[in-house]
Structures are given as C-alpha cells and as structure tokens.
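This report concerns only the one structure given below.
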Amino acid sequence: MAIDRQGTGLAILRICIGFVFIFEGLGKIRWFTSPSILAATFSEWSRSVPADSITAWYLHRIAVPGVPIFARLVPLGELSAGVALLADFWTPLFAFLAFFMALNFQIASGALFRYSFLTSGYGLPVLGSTLALALAGTRKRPFVKGSSRG
C-alpha cells in the first residue's frame with residue numbers, strides 16, 4: 001500500500017487551514033452581540049488609508065454599510081468554513097468561501113496593497129492555501145494511492 005503524497009499533503013493543508021478559520025471565527029463571536037466592534041475596526045482602517053484608494057471605496061461603499069450583516073456573517077462563515085474543512089465536507093466550496101472571506105479582509109484592511117502582505121502569515125499563505133484547496137479539491141482516502149475524489 002503506497003502513500004498518496006499529494007492527497008496527504010492536501011489533507012494536512014485542509015486540516016491546518018481549517019483550524020485557522022475556526023480560531024479566527026471564535027475570536028469574533030462577540031461581534032454577534034456587538035457589531036460596534038467591527039464598526040470600530042472599519043473606522044480605524046478608514047483613517048489609515050488614502051481617501052482615493054480602493055480600500056477607502058470598499059470600506060465606505062460595502063463594508064461600513066454592511067456592518068450589521070457582516071458582524072454576524074463573518075464569524076459564522078469562518079466557523080462554518082473551518083469545521084467543513086476539518087470534516088472534509090464540500091472542501092472546494094468551503095475553501096473558496098474561506099478564500100473570498102480572507103480576500104475581503106485583506107482589501108478592507110488595505111493589507112493587500114502593502115509590501116507587508118507578502119510577509120504576513122495572514123496574507124499570502126491563507127489566500128494561497130484556500131485557493132489551492134478550492135482548485136485541488138480533496139481525496140477520499142489520502143493515505144492510499146489511487147483512491148481519490150474531487
């Protein structure tokens with residue numbers, strides 16, 4: 001019985017990034033009862049970006065008006081994506097949703113447009129991992145070569 005190295009690698013990546021999203025979601029549970037926490041974060045980010053930037057447009061047109069909804073969707077989405085990735089449940093779909101949530105965070109914070117994005121553990125590694133899982137899918141039994149699903 002040969003080990004499926006690619007499947008094993010994807011499983012490890014899926015589990016690790018699943019834990020990242022679970023703990024990120026747990027850190028935002030208070031947003032459910034207090035959307036003002038998210039609103040304060042958006043306000044802080046808004047003060048630190050140029051008024052004519054993509055980040056400023058995104059914050060003022062999408063993020064800030066959506067605070068009551070996003071304060072509930074973000075923790076729920078992160079927790080759901082994390083659990084689904086750990087459980088290997090619809091991995092491509094939940095990995096893409098995780099990618100989309102992480103991308104929105106990077107745009108809203110302005111991090112996507114800074115050099116530090118390339119060196120941050122929350123930037124390129126999370127976006128790359130989630131996009132790779134969305135594209136590669138998963139394998140039913142990663143430790144046994146030849147048994148795959150997509």
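What follows draws every value from the coordinates through simple rules; no lab data is involved. Remember, predicted model here, so these are calculated numbers, not experimental data. Reconstructed Cβ throughout: ideal geometry from the backbone, glycine too, with neighbour counts over all protein chains shown.
Normalise the Debye intensity by I(0) for the stretch 1-73, one equal point scatterer per Cα, no solvent, then take log10 at q = 0.11, 0.12, 0.18, 0.24 Å⁻¹ and round to two decimals.
Scattering profile of the stretch 1-73, log10 relative to I(0): -0.46, -0.52, -0.78, -1.01.
Using a cut-off of 13 Å between beta-carbons, work out the net charge of the residues near residue 34 (Lys and Arg +1, Asp and Glu -1, residue 34 not included). Mind showing how you got there, number by number?
On the way: positive: 28, 30, 72; negative: none.
Charge balance near residue 34 sits at +3.
What distance in nm separates the simple spin-label points at residue 47 and residue 62, each placed 7 Å from Cα in the Cβ direction?
Placing both labels 7 Å beyond Cα along the Cβ direction yields 2.5 nm.
Taking only DSSP H segments of four or more residues, each worth -39500 (n - 2.57), what value at 222 nm results for the chain once the sum is divided by all its residues, to the nearest 500 deg cm²/dmol?
Taken over the chain, the calculation gives -20000 deg cm²/dmol.
Tell me which DSSP H helices of the chain clear both cut-offs, 18 Å or more of axial length from alpha-carbon atoms and a mean Kyte-Doolittle hydropathy of at least 0.5.
5-26, 67-87, 91-109
Kindly rank 91-97, 117-123 from highest to lowest mean number of other beta carbons found within 10 Å of each residue.
Descending mean neighbour count gives 91-97, 117-123.
Report the percentage of all Cα-Cα pairs in the chain whose separation exceeds 19 Å, rounded to a whole percent.
56
Starting from the 7 Å offset along Cα-to-Cβ, what nm value, one decimal, do you get for the label separation of residue 26 and residue 12?
Taking the simple label geometry, residue 26 and residue 12 are separated by 2.3 nm.
Which of the listed residues, 9, 68, 42, is farthest toward the dipole's positive end in the chain, when Lys, Arg count +1 and Asp, Glu count -1 at the beta-carbon?
The Cα lying farthest towards the positive end belongs to 9.
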